[in-house]
Every structure is written in C-alpha cells, then in structure tokens.
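Colleague: First, the structure itself, so that you have it in front of you.
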Amino acid sequence: MFKFWIAVAAAIVCATSSTVHAIDFHSDQAADCAIKHWDEIRAIADPKLSMMDSILPKAGAQRIKDLLGGQDHLPENPPSREWLRHASDAIPEPVLNMFGKDIINKCVDKK
C-alpha cells in the first residue's frame, strides 16, 4: 500500500509540473545546468534516493544503485556530462523530473 501512495504522489508531482516544458536530459545544456546547480539537485535528490527501492521496480532501483556505486546519495562533486547522460538512461524520467526539472528549466530558460 505504501508503494501505491508514493507512486500517486510522484504522479501528482509530474502532473502539476507539466506546465513547464520537457527537458532533454541528454542535452549539453541540461548537463551544464545540472553541473552548475549540482548542490541544489543533491539537496533534493539525496533524501529521496533511499525510497527508490519502495517506488521503483527492482530492476530500476538496481540500475540507480549500480550508477551510484552502491551509495545511497549522489556524488558530492559535480559529475561529468558523460555520467549525467548515463544517469538519464538509468533513472526513469519521472524521478529525474522530481530531482531537478524545475532547477534545470530555470537555468535553461536563462540561456
């Protein structure tokens, strides 16, 4: 039942933020913005990463664990563009949106 409510909450977050344009998480622009605002993204993402086992299918949660080298938090220092592109493949888009969509959209819109 807990997984259901987490999934509902994630769906609401995605639905209510749909007025902001979609992000191409593979783009250089999105990667540059993620690197520039890495501390803000980490502050949002790190507390939620421990819940990934509860809200994602086992394979999805495992991809995130593999990406993070078994850690339950994002790297402290901003990663490379290559790592970010790999992350955008490993982490489902609704989760990426939850972690950094608003921050990246604001940054991209300023460019």
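Read-outs throughout are calculated quantities, based only on the coordinates presented, and are distinct from any laboratory measurement. In this text the structure is predicted, and so the values were computed from the model without any measurement. Here the Cβ is made from the backbone with ideal geometry for all residues, glycine too, and neighbour counts use every protein chain on show.
Colleague: For segment 16-111, give me every one of the helices (runs of 4 or more DSSP H) that falls completely inside it and has 1 or more residues that are without any contact (Cβ under 8 Å) to a residue 40 or more places away in the chain and of a type outside the set (Asp, Glu).
Modeller: Details: elements: 28-36, 38-49, 52-55, 58-67, 81-90, 93-110.
Qualifying helices (runs of 4 or more DSSP H): 38-49, 58-67, 81-90, 93-110.
Colleague: Scan segment 80-89 for residues that are within 11 Å of the chain's Cα centre (by Cα) and surrounded by fewer than 17 Cβ atoms within 10 Å (Cβ to Cβ) and report the count.
Modeller: 1
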